[in-house]
Amino acid sequence: MNAPLLATPVPASGCDAPPILRERGQREVFCGLTGIMWLHRKIQDAFFLIVGSRTCAHLMQSAAGVMIFAEPRFATAIIEEKDLAGLADANAELDAVVERLLARRPEIRMLFLVGSCPSEVIKLDLSRAALRLGQRFAPQVRVLNYSGSGIETTFTQGEDACLTALVPILPEEPAGAQASLLVVGVLADAVEDQFRRLFAAMGITRLAFLPARRAGEMPAVGANTRYLLVQPFLGETARALENRGATRLPAPFPLGAEGTTAWLRAAADAFGVADSVFEAAIAAPRERASKALQHSRRALRGRRIFFFPDSQLEIPIARFLSRELEMELVEVGTPYLHKEHLAADLALLPAGVQLSEGQDVDRQLDRCLAAAPDITVCGLGLANPLEARGLTTKWAIELVFTPIQGFEQAGDLAELFARPLNRRAALEV
């Protein structure tokens, strides 16, 4: 039975009073294992060993598009029938798999045991397994664990769970250390390098990124750490960092020229960067971003867009599309709405926009079809049915796989929404 709908006002810190439609019905999302697709590229000497079923293995193989002979930095330890029947010691089998893996891949320095949702995996205590294996293979390999289960999670929460697992092992920053800036969330290496140059131009040199590119280079954290989130789906990671004494710098997320400027400004203010230095550092890339948006703005201005809840990027992207490309927001759905982390983006949304949290997919489909938006952002499972009904769609997962943060990527982000509309226009007779 579908849950009733509840309308709750957004607090004063958010946008001006549009009700949030909270839904708790059937959902259509990927599981958290999908996050391994971008995590394994980032930590270059880490390996992600999924403990799961053949379904998990097929999902990863299909989602990644990686051939087995490519020696990817992830794999699946598959639960077999004898495990399900209780005829084998799952811990002993897992230990044997890890032993063979590390013998074959001696370059691995960090191993993540990633849980999934089959009941036999849930019964397996992966935290104890990680502790046992960590003691056995230390100091060459650090073994951690987290859950990528798709039960009551969204696919981007896999990154949150992975980074949360990293926080307890981060080195302790000395008590008297100067203030440092930590940028939290997976970024493409090219984007990370762009931000590093911008912060250096502002004079912020005590800078680190979480996760680091190599297991042995993870940043220190402490009471003098100030951190910026690059993704809105890192709530548990933020909580873990604050338990270590770090302080979050509130800011819109770095999407588009406006969002990136405000995100950088939060760091500049916290580190006492003079206005003239800040403007000199960002003037040229901000100008390039503004020019890059002009082409897509002509295609997107006045177009109506509908967001199904999927990636948790929906609200900052809606802010970007509304304010910098002049699109009209029909409904902005998100799986979870972290009011504190999204407060700056919520405050920049247009008055009266319909927000929804959670999902009742049948009811939301009805609203979407009735509204007939120009473009709909949704998961893969809904895209084809909506296209068959004549709607133009954009896969939400593409927004996570594609580098979209920062000034230099603003034009690419806008183009992701202009391209489906241009394609449909080209196909129309």
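Can VAL191 be described as over 13 Å from ALA268 (Cα atoms), in a helix (DSSP H, G or I) and touching a Gly at 6+ places or on another chain (Cβ under 9 Å)?
Criteria met by VAL191.
Please determine, by comparing only the residues of the stretch 84-117 that are at pLDDT below 85 and surrounded by 15 or more Cβ atoms within 10 Å (Cβ to Cβ), which one is nearest to ILE50 (Cα to Cα).
Among them, the one singled out is CYS117.
Which residues, counting only those in the stretch 309-336, are farther than 19 Å from GLN231 by Cβ and not in a helix (DSSP H, G or I)?
Those that are farther than 19 Å from GLN231 by Cβ and not in a helix (DSSP H, G or I): GLU326, MET327, GLU328, LEU329, VAL330, GLU331.
Give the residues of the stretch 188-204 that are surrounded by fewer than 18 Cβ atoms within 10 Å (Cβ to Cβ) and in contact with a strand residue (DSSP E or B) (Cβ under 9 Å, 6 or more places away or on another chain), sorted by residue number.
Within the stretch 188-204, ARG196, ALA200 meet the criteria.
Applying the selection to the stretch 96-116, what residues are assigned to a loop (DSSP other than H, G, I, E, B) and of a type outside the set (A, V, I, L, M, F, W, C)?
Selection gives ARG105, PRO106, GLU107, ARG109, SER116.
Go through (1) within 26 Å of HIS40 (Cα to Cα); (2) open to solvent by less than 10 Å² (accessible area, probe 1.4 Å) for GLY222 and report which single condition fails.
Of the numbered conditions (1) within 26 Å of HIS40 (Cα to Cα); (2) open to solvent by less than 10 Å² (accessible area, probe 1.4 Å), the odd one out for GLY222 is (1).
Of all residues in the stretch 404-424, how many are open to solvent by 20 Å² or more (accessible area, probe 1.4 Å) and either modelled with pLDDT under 95 or in a helix (DSSP H, G or I) (or both)?
Number of matching residues: 6.
Output the number of the condition that VAL353 fails; it satisfies all remaining conditions of (1) at pLDDT 95 or above; (2) farther than 22 Å from GLN157 by Cβ.
The failed condition is (1).
Can you tell me which residues in the stretch 234-268 are part of a loop (DSSP other than H, G, I, E, B) and in contact with a helix residue (DSSP H, G or I) (Cβ under 7 Å, 6 or more places away or on another chain)?
Result: LEU234, ARG244, LEU249, PRO250, ALA251, PRO252, PHE253, PRO254.
Hey, does the stretch 136-156 have a residue that's of a type in the set (A, V, I, L, M, F, W, C), within 23 Å of ILE397 (Cβ to Cβ), open to solvent by less than 20 Å² (accessible area, probe 1.4 Å) and within 24 Å of the chain's Cα centre (by Cα)?
So far as the stretch 136-156 goes, yes, one or more of its residues are of a type in the set (A, V, I, L, M, F, W, C), within 23 Å of ILE397 (Cβ to Cβ), open to solvent by less than 20 Å² (accessible area, probe 1.4 Å) and within 24 Å of the chain's Cα centre (by Cα).
Taking into account only those residues within the stretch 295-347 that are open to solvent by less than 10 Å² (accessible area, probe 1.4 Å) and hydroxyl-bearing (Ser, Thr, Tyr), which is nearest to GLU23 (Cα to Cα)?
THR334
Of these, ALA318, ALA284, which one is closer than 18 Å to GLY259 by Cα, under 26 Å from the mean Cα position of the chain (by Cα) and at pLDDT 95 or above?
ALA318
Count, please, the residues in the stretch 377-401 that happen to be closer than 22 Å to ARG24 by Cβ and surrounded by 15 or more Cβ atoms within 10 Å (Cβ to Cβ).
So the answer is 5.
Which residues, taken from the stretch 247-266, are open to solvent by 10 Å² or more (accessible area, probe 1.4 Å) and either over 21 Å from LEU399 (Cβ atoms) or hydroxyl-bearing (Ser, Thr, Tyr) (or both)?
THR247, ARG248, LEU249, PRO250, THR261, ARG265, ALA266
Go through (1) modelled with pLDDT of 95 or more; (2) more than 15 Å from ARG298 (Cα to Cα); (3) open to solvent by 60 Å² or more (accessible area, probe 1.4 Å); (4) not β-branched (Val, Ile, Thr) and name the single condition LEU427 misses.
(1)
Anything in the stretch 288-338 that is over 30 Å from THR153 (Cβ atoms), touching an Asp or Glu at 6+ places or on another chain (Cβ under 7 Å) and among the polar types (S, T, N, Q)? List them, or say none.
Selection gives SER296 alone.
Consider ALA281 carefully, then state whether it is open to solvent by less than 10 Å² (accessible area, probe 1.4 Å), in a helix (DSSP H, G or I) and either in contact (Cβ under 8 Å) with a residue 12 or more places away in the chain or touching a Phe, Trp or Tyr at 6+ places or on another chain (Cβ under 8 Å) (or both).
No.
Which condition breaks for GLU120 when tested against (1) open to solvent by 60 Å² or more (accessible area, probe 1.4 Å); (2) at pLDDT below 80; (3) not in a loop (DSSP other than H, G, I, E, B)?
(1)
Report whether or not ALA165 is modelled with pLDDT of 95 or more, in contact with a Phe, Trp or Tyr (Cβ under 9 Å, 6 or more places away or on another chain), more than 26 Å from GLN312 (Cα to Cα) and not in a loop (DSSP other than H, G, I, E, B).
no
The values are calculated or read from the model by the stated rules, or taken from the named source; none is laboratory data. Note that the structure is predicted; figures quoted are calculated from it, not measured. Glycine gets a Cβ as well: all are built from the backbone with ideal geometry, and neighbour counts include every protein chain shown. These accessible areas exclude ligands, DNA and RNA; they are computed on the full protein's heavy atoms, side chains included. Shrake-Rupley method; radii C 1.70, N 1.55, O 1.52, S 1.80 Å.
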